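Participant: My questions all concern the structure below.
The values are calculated or read from the model by the stated rules, or taken from the named source; none is laboratory data. If you're wondering where the values come from, they're calculated on a predicted model, not measured in any experiment. For neighbour counting, all protein chains shown are included, and Cβ atoms are generated from backbone atoms with ideal geometry for every residue, glycine included. What goes into the accessible areas is simple: the full protein's heavy atoms, side chains included, and nothing from ligands, DNA or RNA. Shrake-Rupley method; radii C 1.70, N 1.55, O 1.52, S 1.80 Å.
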Amino acid sequence: MANAHKYVYLFKEGNANMRELLGGKGANLAEMSNIKLDGSGESFPVPQGFTITTEACTQYYEDGGISDEIMAQINEYIVKLEGITGKKFGDIDNPLLVSVRSGARASMPGMMDTILNLGLNEKVVNAIAEKSGNPRWAWDCYRRFIQMYSDVVMEVGKKYFEQLIDKMKEEKGVQQDVELDANDLMTLANQFKAEYKAKIGADFPDDPKEQLMGAIKAVFRSWDNPRANVYRRDNDIPFSWGTAVNVQSMAFGNMGDDCGTGVAFTRDPATGAKGLFGEFLTNAQGEDVVAGVRTPMHISEMENKFPEAFKTFKDVCATLEKHYRDMQDMEFTVEHGKLYMLQTRNGNRTAQAALKIACDLVDEGMRTEEEAVAMIDPRNLDTLLHPQFDAAAIKAAVPMGKGLGASPGAACGKVVFTADDAVEWAEKGEKVVLVRLETSPEDITGMKAAQGILTVRGGMTSHAAVVARGMGECCVSGCGDIKMDEENKKFELGGKTFCEGDYISIDGTTGNIYDGIIPTVDAQIAGEFGKIMSWADKYRKLKVRTNADTPADAKKARELGAEGIGLCRTEHMFFDPDRIAAFREMICSDTVEEREAALAKIEPMQQADFEALYEALEGHPVTIRFLDPPLHEFVPTEEADIEALAKAQGKPVETIKSIISGLHEFNPMMGHRGCRLAVTYPEIAKMQTSAVIKAAINVKKAHPDWNVEPEIMIPLVGDVKELKFVKKVVVETADAVIAEAGADLKYEVGTMIEIPRAALTADEIAANADFFCFGTNDLTQMTYGFSRDDAGKFLNAYYDKKIFENDPFAKLDQDGVGKLMKMAVKMGREANENLHCGICGEHGGDPSSVEFCHKIGLDYVSCSPFRVPIARLSAAQAAIADKN
């Protein structure tokens with residue numbers, strides 16, 4: 001056995017760098033077990049235990065259970081832990097009781113469940129009740145353990161137990177769990193066991209080792225539960241990472257009023273302000289704070305109740321923050337006035353707080369600018385760009401009620417009462433606010449679908465608050481004034497009854513709740529946001545452009561830091577009611593002359609569009625993609641519109657209808673679109689070229705100091721001969737317009753790389769192109785052979801079966817599609833050293849895809865206006881990671 005693989009580690013055997021093996025929680029427990037308190041030099045007060053590694057989890061899935069080898073190691077470590085604590089599993093005189101918690105490498109709040117007080121059975125409970133002289137505590141621990149074990153390990157469901165507790169409180173005429181006495185809790189424990197037997201068909205297990213194995217397997221299983229899978233997909237956490245299991249000896253916060261439990265942050269997770277922030281409950285166990293069952297008190301009150309423990313706690317906070325150089329989120333317990341640390345981690349925070357903390361850490365000399373830039377999750381910036389309530393409107397409005405501002409932002413929408421309703425209404429395009437007594441992990445999809453979340457119970461560290469902050473969603477928690485009637489989908493607040501579908505507005509910064517809809521305004525980049533973005537710009541190599549079709553979008557993107565337009569989709573300009581008529585005439589024309597006459601009506605309008613775009617960009621580059629969609633997208637479907645078109649053309653309605661049905665395609669995404677239209681109807685490309693060049697000449701005349709250099713982009717090229725044909729039309733037209741105006745104008749002609757064949761023959765194409773732009777939406781679609789519009793119907797099955805872990809349309813497939821891109825860049829630049837390359841699919845705003853674009857040496861990424869700051873930060877992080 002000497003060289004057997006090690007699957008279990010004592011806390012003392014690990015450290016913070018072993019995250020991949022021990023998970024975040026295990027690595028941090030190990031680190032805390034090995035560092036000393038600043039000042040006193042004492043050891044950290046961490047209840048000891050051991051961690052079963054993430055490799056054991058992966059092995060569990062491979063073996064379909066816990067192997068004998070791993071089982072033997074767990075048993076060996078139970079004996080070691082018994083030695084360290086001087087307590088024994090199942091022993092009447094000195095029983096070892098443990099907690100079992102999961103811990104993956106990446107923090108997954110509320111996704112995995114905890115079991116406390118494991119190791120209890122009737123004999124042990126009676127013994128500790130007598131020995132401690134505190135039977136209430138003993139039975140409270142037991143009833144909690146039965147409840148958690150049944151829920152987490154056996155999936156009996158929490159609600160049955162909660163109903164029994166509520167019934168007991170009603171019979172006794174009390175409000176809080178704390179008011180139930182030892183006999184009540186003993187009765188409950190027996191009712192719980194009966195409930196367990198009724199649901200499972202077997203007795204509740206008495207043997208601590210059997211309990212422990214059940215709990216360990218449950219943690220491993222929970223790595224693959226639907227909630228974990230949704231969270232993993234949203235946060236790019238691979239299934240193969242697995243989760244570790246932490247077995248830790250118990251510290252009890254529920255032994256009386258000189259005990260308690262809490263959660264604290266070394267800085268405010270909502271604003272980033274420096275100073276202890278957190279919550280505390282006396283005579284309680286950890287899950288009470290997090291689950292939001294009782295609304296807790298502020299951490300500062302702990303000083304009066306437990307001065308000694310609070311003093312140690314302040315030393316712990318200072319030591320940890322200095323050690324990790326980041327804001328810490330800690331869980332702790334006080335047992336008879338003595339402090340025990342149960343975990344620490346880099347705290348989840350809102351985007352505002354992340355920016356403030358990063359800037360403060362630089363000011364405090366704890367971090368460099370580069371480290372500060374690398375600390376911020378680009379995806380969180382989204383929330384800073386979300387609308388805020390209009391200041392004047394908020395001043396004038398009177399709040400109906402107030403809760404805790406748990407996650408900032410402004411949300412208004414129709415009230416819904418369940419996660420499923422939130423999803424259903426949101427799919428219909430309704431904006432909703434989810435109102436719950438308290439949220440639990442199974443509500444995650446509904447929380448995502450809602451504009452905001454309002455809960456009756458729970459504090460700033462409850463599940464709703466933590467998850468909402470992580471998602472960047474507005475949340476108001478713990479509004480105890482709400483009289484909730486979940487059964488009948490209504491609640492009362494401030495003397496008014498709100499029913500499903502009524503409008504409500506909530507302010508996640510102040511915690512205020514308003515009746516009706518309050519107008520919102522767009523966010524600004526300023527202060528710390530501006531500071532971090534300027535640092536990001538200092539370190540990044542990639543340029544960031546935007547996809548914009550209107551001057552308003554372009555202006556917004558420029559405000560958010562875009563350095564040009566990487567994609568202007570000209571077809572969006574045709575859908576205007578004034579223009580669509582002329583374009584439909586073009587489609588229904590029989591001769592080139594008729595087509596040209598119809599296009600001549602559109603040309604001045606197109607030219608005005610381009611002039612406005614060049615004006616908005618003040619000399620920054622603008623890439624204009626020529627007409628891309630199939631013509632059937634432009635033809636009328638309504639009878640009245642068809643008749644109007646027939647009249648304008650002087651043709652019978654039937655003729656028009658047959659032209660329309662002739663345009664129908666079985667697979668339009670691969671049909672008559674892109675450069676294929678320009679090959680069939682070169683006059684379209686002529687008109688667009690003329691409009692682009694005339695606009696550029698006019699704007700350059702008005703602003704001689706601007707560098708106006710149009711980039712004309714030919715879409716959907718698959719063969720160099722197509723590009724040569726269309727390019728010839730463009731160049732002849734452009735040169736003629738420039739000569740006629742006697743102007744001096746440079747312009748470029750490039751192509752989209754969105755057909756695999758274009759990537760495979762990039763050398764030939766590059767010899768005839770000034771630039772490449774990867775259209776990764778189409779390139780992904782054609783490389784996989786998925787239709788983007790239909791893939792959603794079957795991709796869920798692919799996620800369930802772990803064939804895919806992400807949506808390839810949201811996160812670039814670096815192995816397949818990425819290989820084509822890499823090849824196209826390499827071959828293209830070898831054939832044309834002046835070739836510049838960018839990306840303009842949706843992937844241009846996805847952090848991991850931006851990192852890939854940096855690695856393969858693209859010149860720029862282009863994304864929608866609101867994703868520009870995300871791309872700027874991601875590009876900087878990629879450059880910094882590269883350097884290190």
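Participant: Listed residues Glu594, Glu585; which is in contact with a helix residue (DSSP H, G or I) (Cβ under 9 Å, 6 or more places away or on another chain), open to solvent by less than 70 Å² (accessible area, probe 1.4 Å) and charged (D, E, K, R)?
Facilitator: Only one candidate qualifies: Glu585.
Participant: Further question: Quick one: what pairs do we get from segment 300-318, first residue more than 16 Å from Asp38 (Cα to Cα), second aliphatic (A, V, I, L, M) and part of a helix (DSSP H, G or I), C-beta under 9 Å, 6+ apart or different chains?
Facilitator: Met302/Ala309
Participant: Before we move on, is Tyr61 more than 30 Å from Phe313 (Cα to Cα) and open to solvent by 70 Å² or more (accessible area, probe 1.4 Å)?
Facilitator: Yes, satisfied.
Participant: Would you list the helices (runs of 4 or more DSSP H) that sit entirely within segment 646-729 and hold 3 or more residues that are in contact with a Pro (Cβ under 8 Å, 6 or more places away or on another chain), open to solvent by less than 40 Å² (accessible area, probe 1.4 Å) and at pLDDT 95 or above?
Facilitator: On the way: elements: 653-662, 675-680, 682-702.
In segment 646-729, the matching helices (runs of 4 or more DSSP H) lie at 682-702.
Participant: Same structure, new question: Residues that are open to solvent by 20 Å² or more (accessible area, probe 1.4 Å), in contact with a Pro (Cβ under 9 Å, 6 or more places away or on another chain) and modelled with pLDDT of 90 or more: find the helices (runs of 4 or more DSSP H) completely inside segment 754-811 holding 2 or more of those.
Facilitator: Hits in segment 754-811: 776-784.
Participant: If you don't mind, there's one more thing I want to ask. Residues to consider are Asn246, Asn254; find the one that is part of a loop (DSSP other than H, G, I, E, B), among the polar types (S, T, N, Q) and buried (at least 22 other Cβ atoms within 10 Å of the Cβ).
Facilitator: The match here is Asn254.
Participant: Next question. Among (1) surrounded by fewer than 18 Cβ atoms within 10 Å (Cβ to Cβ); (2) over 24 Å from Gly674 (Cβ atoms); (3) of a type outside the set (A, V, I, L, M, F, W, C), which single condition is Arg872 missing?
Facilitator: (1)
Participant: Out of contact with any Pro (no Cβ under 8 Å at 6 or more places or on another chain), surrounded by fewer than 23 Cβ atoms within 10 Å (Cβ to Cβ), of a type in the set (Ser, Thr, Tyr) and over 30 Å from Thr383 (Cβ atoms): is that true of Thr550 in this structure?
Facilitator: The answer is no for Thr550.
Participant: Out of everything in segment 812-823 that is touching a residue at least 40 places away in the same chain (Cβ under 8 Å) and within 18 Å of Arg788 (Cα to Cα), what residue ends up being surrounded by the fewest Cβ atoms within 10 Å (Cβ to Cβ)?
Facilitator: Applying the filter and picking the extreme gives Val817.
Participant: Restricting to segment 347-381, count the residues that are open to solvent by less than 50 Å² (accessible area, probe 1.4 Å), more than 18 Å from Ile880 (Cβ to Cβ) and acidic (Asp, Glu).
Facilitator: Matching residues across segment 347-381 total 1.
Participant: In segment 251-268, what count of residues is obtained for those that are within 21 Å of Leu97 (Cβ to Cβ) and of a type in the set (S, T, N, Q)?
Facilitator: 2
Participant: It is to be established whether one or more residues within segment 562-573 are acidic (Asp, Glu), within 28 Å of Phe852 (Cβ to Cβ), modelled with pLDDT of 85 or more and in a helix (DSSP H, G or I).
Facilitator: Step one: filter segment 562-573 for residues acidic (Asp, Glu), giving 563, 571.
After this cut, where a residue has to be within 28 Å of Phe852 (Cβ to Cβ) as well, the list is 563.
Now restrict to residues that are modelled with pLDDT of 85 or more: 563.
Now restrict to residues that are in a helix (DSSP H, G or I): none.
No - not one qualifying residue is present in segment 562-573.
Participant: Follow-up question, since we're still on this one. Report, by residue number, each residue of segment 321-353 that is part of a helix (DSSP H, G or I), under 24 Å from Leu29 (Cα atoms) and within 25 Å of the chain's Cα centre (by Cα).
Facilitator: Listed by number, the list holds a single entry, Tyr324.
Participant: Applying the selection to segment 264-280, what residues are open to solvent by 10 Å² or more (accessible area, probe 1.4 Å) and part of a strand (DSSP E or B)?
Facilitator: Listed by number, the residues that qualify are Thr266, Lys274, Gly275, Leu276, Phe277, Glu279.
Participant: On to the next question. When the residues of segment 434-489 are filtered to those that are more than 14 Å from the chain's Cα centre (by Cα) and acidic (Asp, Glu), which remaining residue is farthest from Ile517 (Cα to Cα)?
Facilitator: In this case the residue turns out to be Glu442.
Participant: Can you find even one residue in segment 726-745 that is touching a residue at least 40 places away in the same chain (Cβ under 8 Å) and within 39 Å of the chain's Cα centre (by Cα)?
Facilitator: no
Participant: Just checking: which of the helices (runs of 4 or more DSSP H) contained wholly in segment 104-221 hold 2 or more residues that are under 26 Å from Asp443 (Cβ atoms), touching a residue at least 24 places away in the same chain (Cβ under 8 Å) and open to solvent by 10 Å² or more (accessible area, probe 1.4 Å)?
Facilitator: Per the criteria, 135-148, 158-172, 182-200.
Participant: Just name the residue that is modelled with the lowest pLDDT out of those in segment 431-488 that are hydroxyl-bearing (Ser, Thr, Tyr) and either part of a loop (DSSP other than H, G, I, E, B) or surrounded by fewer than 24 Cβ atoms within 10 Å (Cβ to Cβ) (or both).
Facilitator: Among residues in segment 431-488 that are hydroxyl-bearing (Ser, Thr, Tyr) and either part of a loop (DSSP other than H, G, I, E, B) or surrounded by fewer than 24 Cβ atoms within 10 Å (Cβ to Cβ) (or both), the one modelled with the lowest pLDDT is Thr461.
Participant: Considering every residue within segment 67-83, establish whether at least one is modelled with pLDDT of 95 or more, assigned to a loop (DSSP other than H, G, I, E, B) and not hydroxyl-bearing (Ser, Thr, Tyr).
Facilitator: no
Participant: Could you please find all residues in segment 631-644 being under 15 Å from Ser661 (Cα atoms) and hydrophobic (A, V, I, L, M, F, W, C)?
Facilitator: Correct list: Leu631, Phe634, Val635, Ile642.
Participant: Let me ask something else. Tell me the residue from Lys811, Lys802, Lys727, Lys826 that is within 23 Å of Tyr681 (Cβ to Cβ) and among the charged types (D, E, K, R), please.
Facilitator: When all the criteria are applied, what remains is Lys727.
Participant: Something else: Go through (1) open to solvent by less than 30 Å² (accessible area, probe 1.4 Å); (2) closer than 22 Å to Ala309 by Cα for Ser43 and report which single condition fails.
Facilitator: (1)
Participant: Cβ-Cβ distance below 6 Å, separation of 6 or more or different chains: which pairs start in segment 427-441 with a residue that is of a type in the set (Lys, Arg) and end on one that is outside any loop (DSSP other than H, G, I, E, B)?
Facilitator: From residues that are of a type in the set (Lys, Arg), the pairs are Lys431/Gly413; Arg436/Thr455.
Participant: Next question, about the same structure. Since Val416 meets every condition but one in (1) in contact with a helix residue (DSSP H, G or I) (Cβ under 7 Å, 6 or more places away or on another chain); (2) open to solvent by 40 Å² or more (accessible area, probe 1.4 Å), which condition does it not meet?
Facilitator: Here Val416 meets the rest and fails (2).
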